[in-house]
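Data first, discussion second: the structure below is written as structure tokens.
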Amino acid sequence: MEPSRNTHATLVDLLDRILDKGLVINADIIISVAGIPLIGVNLRAALAGMETMLKYGMMKAWDEKIRAWEREHWKKNTPSLVEGEEITLKMHGSYYYSKGIYNAWRPGYFYLTNKRLILYRQDFDEITFQIPLEEIKALVMREEAHFVKEKKKQVLYLMDKQDQVHRLSAVETNQLKDAIEQNLETTGLSLEESPVLPEFEEGPIDFLTEGEEVTHRGEKVWYLVPASGIQQETWKPGHLYITNKRLCWWCDFEKRLAFEVPTEKILGSTIEVRNLSPVLKKKRIFDVIYEDTTERKVASFSGDGMFEWERVLARIISFRERIEACPQCGKKAIVLELLEKGCPNCGWVSHRLKKKITKVALSAE
């Protein structure tokens, strides 16, 4: 292979090349004084991502040693216990975290002790969820849809004395529930019989296309449905989503996707205080300004976490509009378009995009 010089290569292009393909450095250096060679240096070095290194059989022993140490380290990593506290059950599971627009199952290990229930995340050394046994008011098992549509998963609904409900899932959820009940009985505590739990609306995600993933989701977001025919504009409840491709809103009443716009069509957003109706006054309204064919339009939303939604869209727009030079021809272009479509001037594509094209071609065969 003949070495080549590329004066337009950027740091991003260099890092992409190193991680994907790797670099091999061979160098022979001789230091001479008055024509007499005194010092010789022979360099042989390989620089690449660990995945590439292991693919070619390099650093396997080191990788296995590090992984073995991590496994042993994780085994020893347990949450801090108070005096007189003893662990009665340890089980892998997850807790449904829901604050603002961030909603996700957070994995970790459940530690049930004689005093409390803890979900501990070993990799971050943090306690994501904990509750004293005396604060547990009720336990209810429910079956919910799994991310694999054909499957179902058992979810444990835990209600505390403040009537807040927490959703827990474990490798053996029934076993976790039985162990909690046994610990409560041992300590002389009882549970409420036939508790009434609130309905949790996960919101359907059947509208996602191939390769599309939800990045942000709103618990309850109202959308101002535009006037149509004899129907006046109306505020309706639903769920707001941002995916890696678009912003969309799901209508709860009609069970359909009632609004969607590609993120590249979004021009900006603002927040104002307006009246939703003669009764609901001085509410925060989140207006999304977007381009529809040849005109600009506004979609209005209201609910909790509107400032967070504005920050998320601002980050998306900022990244989308960043300009960089093509590594091959040097022509300026939008970063997102360079990464996803390649250079329109010279046809340059990143290594990641080449992989994607190759994968699509192989799957088509």
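Annotations
- Tally of residues being touching a residue at least 40 places away in the same chain (Cβ under 8 Å) and in contact with a Pro (Cβ under 8 Å, 6 or more places away or on another chain) across the stretch 248-296: 3
- From the options Val312, Val279, Val261, Val288, residue that is β-branched (Val, Ile, Thr) and loosely packed, with under 15 Cβ neighbours inside 10 Å: Val279
- The strands (runs of 3 or more DSSP E) found entirely in the stretch 14-109 that carry 3 or more residues being under 30 Å from Val221 (Cα atoms) and modelled with pLDDT of 75 or more are 87-99.
- Tally of residues being part of a loop (DSSP other than H, G, I, E, B), within 24 Å of the chain's Cα centre (by Cα) and either more than 30 Å from Ala138 (Cβ to Cβ) or at pLDDT 80 or above (or both) across the stretch 194-234: 8
- In the stretch 110-130, the residue that is surrounded by the most Cβ atoms within 10 Å (Cβ to Cβ) out of those that are in a loop (DSSP other than H, G, I, E, B) and of a type in the set (D, E, K, R) is Lys115.
- Being closer than 30 Å to Cys346 by Cβ, under 19 Å from the mean Cα position of the chain (by Cα) and surrounded by 14 or more Cβ atoms within 10 Å (Cβ to Cβ) is not true of Ile266.
- Cβ-Cβ distances below 9 Å connect the following pairs, each with a first residue in the stretch 181-195 that is in contact (Cβ under 8 Å) with a residue 60 or more places away in the chain, a second residue that is surrounded by 11 or more Cβ atoms within 10 Å (Cβ to Cβ) and of a type in the set (Asp, Glu), and a separation of six or more residues or different chains: Thr187/Glu134.
The values are calculated or read from the model by the stated rules, or taken from the named source; none is laboratory data. Since the model is a prediction, treat every value here as computed from it, not as a measurement. Here Cβ is always computed from backbone atoms with ideal geometry, including for glycine, and neighbour counts include all displayed protein chains.
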